[in-house]
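Visitor: Just passing along the structure, written as structure tokens.
The values are calculated or read from the model by the stated rules, or taken from the named source; none is laboratory data. What you see is a predicted model, and the numbers here were worked out from it, not measured in a lab. Cβ placement follows ideal geometry from the backbone for every residue including glycine, while neighbour counts extend to all protein chains displayed. When the accessible area is computed, the model is the full protein with side chains, heavy atoms only, and any ligands, DNA or RNA have been set aside. Shrake-Rupley method; radii C 1.70, N 1.55, O 1.52, S 1.80 Å.
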Amino acid sequence: MLTASAILLILGTTLYPKHRMQRRYLTENWQFQAATDDSLKTASVPGCVHLDLLAHGEIEDPFYRLNEHEQQWIDKKDWVYFNEFEVDKAFLKKEQHELIFEGLDTYADVYLNDSLILEADNFFRSWRVPVQGLLKEGSNHLRIYFHSPIEKGLQLLEKHGYGLPATNDQSENGELGDKKVSVFTRKPGYHYGWDWGPRLVSSGIWKAIRLEAWDYASLRDVYFHQDEISAQNAQLTAHFEVDALAEKEAELHIFHGKTLLGQQKVQLKPGLNKNAISFEINNPRLWWTAELGEPHLYALRAALHIGGQEVAAITHQVGLRKIRIIQQPDSTGSSFYFELNGVPVFAKGANYIPNDIFLPRVDDAWYEKMVQAAADANMNMLRVWGGGIYEKDIFYRLCDQKGILVWQDFMFACSMYPGDEAFLESVRQEAIDNVRRLRNHPSIALWCGNNEIDAAWAQYEEKRGWGWKQLYTAQQRAEIWDSYVKLFHKLLPEVVGEYAPGDFYWRSSPYAKEGTHVSYTTTDGDMHYWGVWHGQHPFTDFYTYSARFMSEYGFQSFPEFKTVQRYTQPEDHDIESEVMASHQRSGIGNLRIRAYMEDHYQLPTDFAQLLYVGQILQAEGIKMAIEAHRTARPYCMGTLYWQLNDCWPVASWSGMDYYLNWKAMHYFVKKAFEPVILAVKPGELSDEIFVVSDKLEAFDAELEFNWWDMEKGLLHTERRKIQVPANNSLNLGSIRATEGPAAFDPRSGLLELSLVRDDLRLFSELKYFVPAKELALPADPEIQHQLKLVDGQWEIHLTAKKLAKNVFLSFDEIDGFFSDNYVDLLPGKEVVIRFETDSKEKPEGLKLLSLVETYSKEDPAQ
């Protein structure tokens, strides 16, 4: 059987024109060893040393119980990877040969046939190395020596002369004491630990390595700059970069399908040639976020022809759109919102972190499921956070396809960084690599310098910040701030301006404006609000502290019990156990969850039920935050909660756990992000009802009030005519429990609010008038369910004779996805939930858990 790399090589030599590039991926025949060992073991590439050790049984699962702490020796060693590959005579006849390393982690000396060809030192970069004359016919040998990132970091720390702030570097877990080395190495900060992640600092070949051979010229890059975009006409310029070996006449072409959009004859000279072709598309189909329209993509193909033959081509999926960030002074400060094709967009989404501490095992299917989950939850923006990675190409392609904007951080977070020439030049090349790689994606909406550093250092206000600057001498403070300015005020915006002209650069997040620092009362820029959680503010303070754009806020929960069982033993099932504490990297976390829980719910004594109530607590809190931000529009024009996902199984702020199970929060977020919603703002004497719409046209509707008793059923119904505003929010008036029918008791009743248009319910919201712990929930709601197979899809039909609150559905033996969960069942009203599974068997053993089962047997109001 032919290998994939062999097939690629054959295709290059037999099916393509004579002078087309030949490309081969080096994915097979890899071996590795510790530099001090003699025995070789097989390795997977792409991969990393932890995964290779795990595959050979040399280490246990790092995520299980406390295994992480026993594996800190790995990052102190050097590791060597070896590969042997064949090259034939036809391949060698090509004029130029190159090895391309798409990603090396991190300090890597690369030898080809015992010749040193590369000394890599930046995880985020790709490397292209000419190897003409070093390859030989037959067997060739590649050796990559990975230096310990810890030992290298310690050397750089010593050379710097003093440490730099790195709040989340878990140096103590890494057996380094207070020596925080992460900031000196261009490698993902979260590898060294974070307040939601483990400390597992790996090394290895984390992206593909390929060998290329070509004649005459190579098409290095094509950038489709969108000069002017309107509904009538799109004017673009295609910027070609061609690497030529000799002087040649050539032609450049731009195609959409078989339609030639532009062409140009050029005279190539040896070296890098830059040429541009302007072209236009009339009556273009524009790219929109999903709630505003279709995210249409044009497959634009750029081709290089020499001697009448096509020798190279690049195709990009281009979305035609015009994005602006509007900062317009107003009576309270300045606006901050995204405008897409002339339409103000309220950003709805989340902060996104890497999907695994070990990146190579995140495959395309994982990305597809993750980004689809964001789209299914009605998100139109994801923020790629600065302590992780510039994501793989597939992430951005999926965002392009699904109409999701991307707030793209550069990879700096919660730390100060050195500013020596070598470090700055490494960052410059890193930024160039990634801006060039990502600039054609229509989803890219903003480039941000870093996460939280401006606010943490607080240069302009001595008593503000995280207490960092007070730890240093006056000279050191000046040096540290000078390095910050060089990086985030000069270098990065210069790269964006040169390589993605017209794209918006934002210095830090959160950030207000020059000479000031953001606070919870800032009326400019974006805000990270952590009064809820870190400040122990009540959930209602999400309404008190508004922002022009809320780019971070959050609340923690535990994963569901099935997930916790995968990394624990029964004796660990206590939130204060050593294992549960280790899988909780926010030191205040587990007890903070319990403290908030006591304010809102009766505290369960059963461990699994505690996890369940914790998820509902998180979901209700984040739901309130989203409603607070959406009802505050147009003052507030964005809400990105922390965080979408996890990189290992852990208690965290995520809405999906490491195994991609939706927590209660993700289900609640899906509803809170619907294009049209009703929201109830809590007040002391009365509550206010809002309608919020992302639709671009106003429409008439009715607001329906259904007053329910939890046991007796529907008590009273009435409707009022309203007009839903276009792309805005509207206060519809106040409501009190006393406005209900005479038989209504706020302890045992609720109000169902529905938005009705042409007798179709567009949205429904349930309003409870007392905290959940004071509700007189029916002891036995008498839930019934039926499992039906409808058009090849399993459906679960649920009913309850009495109110059942936050009904959680699960199967012990079958993995799958519920279209809804943690639902409230009103007396006599059927709810239908789809269950998707890869299993061929009929799902058996459905388990149902409702909130009343977590309460004590006494009346909760007593």
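Visitor: So how much slack lies between E578 and H256, counting 0.36 nm per residue of separation and subtracting their Cα-Cα distance, in nm?
Guide: On the way: separation 322, 0.36 × 322 = 115.92 nm, distance 5.94 nm.
That works out to 110.0 nm of additional length.
Visitor: While we're on this one: Can you give the FRET efficiency to the nearest 0.05 for D606 and R736, using r as the Cβ-Cβ distance and R₀ = 22 Å?
Guide: Working: r = 36 Å, r/R0 = 1.64.
Efficiency, from the Cβ-Cβ distance: 0.05.
Visitor: From Cα pairs below 8 angstrom and at least 6 apart in sequence, can you work out the relative contact order of the range 608-674, rounded to a whole percent?
Guide: Numbers: 70 pairs, mean separation 22.4, N = 67.
Normalised by residue count, the contact order of the range 608-674 is 33 percent.
Visitor: Taking 0.36 nm per residue of sequence separation and subtracting the Cα-Cα distance, how much length would be gained by fully extending the chain between E86 and V343, in nm to one decimal?
Guide: Values: separation 257, 0.36 × 257 = 92.52 nm, distance 5.56 nm.
Extra length available between E86 and V343 comes to 87.0 nm.
Visitor: At 27 Å minimum axial length over the Cα atoms and a Kyte-Doolittle cut of 0.0, report the qualifying DSSP H helices in the chain, or say none.
Guide: Within the chain the helices that satisfy the rule are 607-631.
Visitor: Keeping all protein chains in place, calculate the accessible area per residue for the chain (probe 1.4 angstrom), answer in Å². Spell out each step's value before the answer.
Guide: Working: 34070 Å² over 862 residues.
Normalised by residue count, the accessible surface of the chain is 40 Å².
Visitor: Ok, one more. Restricting to lysines 8 or more places apart or on different chains, can you count the pairs in the range 145-236 with Cα atoms under 14 Å from each other? Walk me through the numbers before you get to the answer.
Guide: Values: K152/K179; K152/K180; K152/K187; K159/K179; K159/K180; K187/K207.
Summing the qualifying lysine pairs gives 6.
Visitor: So, one more: Okay, helix-only estimate at 222 nm for the chain: each DSSP H run of n ≥ 4 adds -39500 (n - 2.57), divide by all residues, round to 500 deg cm²/dmol; what do you get? The partial results should precede the final answer.
Guide: Details: 16 runs with 161 residues, N = 862.
That calculation yields -5500 deg cm²/dmol at 222 nm.
Visitor: With a ≥ b ≥ c taken as the square roots of the eigenvalues of the C-alpha gyration tensor of the range 372-479, please select rounded if a/c is under 1.5 and otherwise prolate if a/b is larger than b/c or oblate if it is not?
Guide: oblate
Visitor: Give me the distance in nm between label points sitting 7 Å out from Cα along the Cα-to-Cβ direction at E461 and Q784, one decimal.
Guide: Those two pseudo-labels are separated by 6.1 nm.
Visitor: Exactly which GluC sites (Glu not before Pro) in the range 661-763 are in a DSSP loop and have at most 13 other Cβ atoms within 10 Å? Write down the numbers at each step before the final one.
Guide: Numbers: sites: E684, E688, E697, E702, E704, E711, E718, E739, E752; in loops: E684, E697, E711.
Filter output for the range 661-763: E684, E697.
Visitor: Please give the net charge around Y601, taking every other residue with its beta carbon less than 11 angstrom from that of Y601, where Lys and Arg add +1 and Asp and Glu add -1. Please list the in-between numbers first.
Guide: Working: positive: R594, K773, K805; negative: E598, D599, E620, E774.
Net charge around Y601: -1.
Visitor: Right, next: Could you list, in their original order, any pairs among K348/K663; K248/K274; K348/K829; K369/K695; K695/K767; K721/K829 whose Cα atoms are separated by more than 20 Å? Mind showing how you got there, number by number?
Guide: Details: K348/K663 18 Å; K248/K274 14 Å; K348/K829 30 Å; K369/K695 27 Å; K695/K767 24 Å; K721/K829 25 Å.
Too far apart for the 20 Å limit: K348/K829; K369/K695; K695/K767; K721/K829.
Visitor: Same structure again: Per the 1.4 Å probe, what fraction of the accessible area of the range 541-581, in percent, lies on carbon and sulfur atoms?
Guide: On the way: 590 of 1430 Å².
Reported share for carbon and sulfur atoms: 41 percent.
Visitor: Any lysines with Cα under 16 Å of the K840 Cα? List them, leaving off those in the same chain fewer than 8 positions away.
Guide: K788
Visitor: Also: Could you give the length gained on full extension between E58 and R220, defined as 0.36 nm per residue of separation minus the Cα-Cα distance, in nm? Don't jump to the answer; show the numbers that get you there.
Guide: Details: separation 162, 0.36 × 162 = 58.32 nm, distance 4.17 nm.
Contour length minus Cα-Cα distance gives 54.2 nm.
Visitor: Oh, and also: Evaluate the relative contact order of the chain (contact order divided by residue number), counting alpha-carbon pairs under 8 angstrom at least 6 apart; express in whole percent.
Guide: Values: 2002 pairs, mean separation 71.9, N = 862.
For the chain, the relative contact order is 8 percent.
Visitor: If you don't mind, there's one more thing I want to ask. Which FRET efficiency, nearest 0.05, do Q470 and T36 yield, Cβ-Cβ r, R0 30 Å?
Guide: Details: r = 43 Å, r/R0 = 1.43.
Efficiency, rounded to the nearest 0.05: 0.10.
Visitor: Treating cross-link reach as a plain straight distance, find the aspartates and glutamates whose alpha-carbon is under 12 Å from the alpha-carbon of K712, omitting any fewer than eight places away in the same chain.
Guide: D745
Visitor: Roughly how many nanometres apart are two label points built 7 Å out from the Cα toward the Cβ at K369 and D759?
Guide: My value for the distance between the label points is 4.2 nm.
Visitor: Here is a further query. Which distance in nm do the two modelled labels at L846 and L66 give, with both placed 7 Å along the Cα-to-Cβ direction?
Guide: 4.2 nm
Visitor: Also, I was wondering about something else. At a Förster radius of 30 Å, what calculated FRET efficiency corresponds to the Cβ-Cβ distance of T540 and A726, to the nearest 0.05? Show your work: numbers first, answer last.
Guide: Values: r = 29 Å, r/R0 = 0.96.
Approximately 0.55, to the nearest 0.05.
Visitor: A follow-up question, please. Using only alpha carbon pairs under 8 Å that are at least six residues apart, calculate the relative contact order of the range 591-644 and give it in whole percent. Spell out each step's value before the answer.
Guide: Working: 23 pairs, mean separation 12.0, N = 54.
Averaging sequence separation for qualifying contacts and normalising by length gives 22 percent for the range 591-644.
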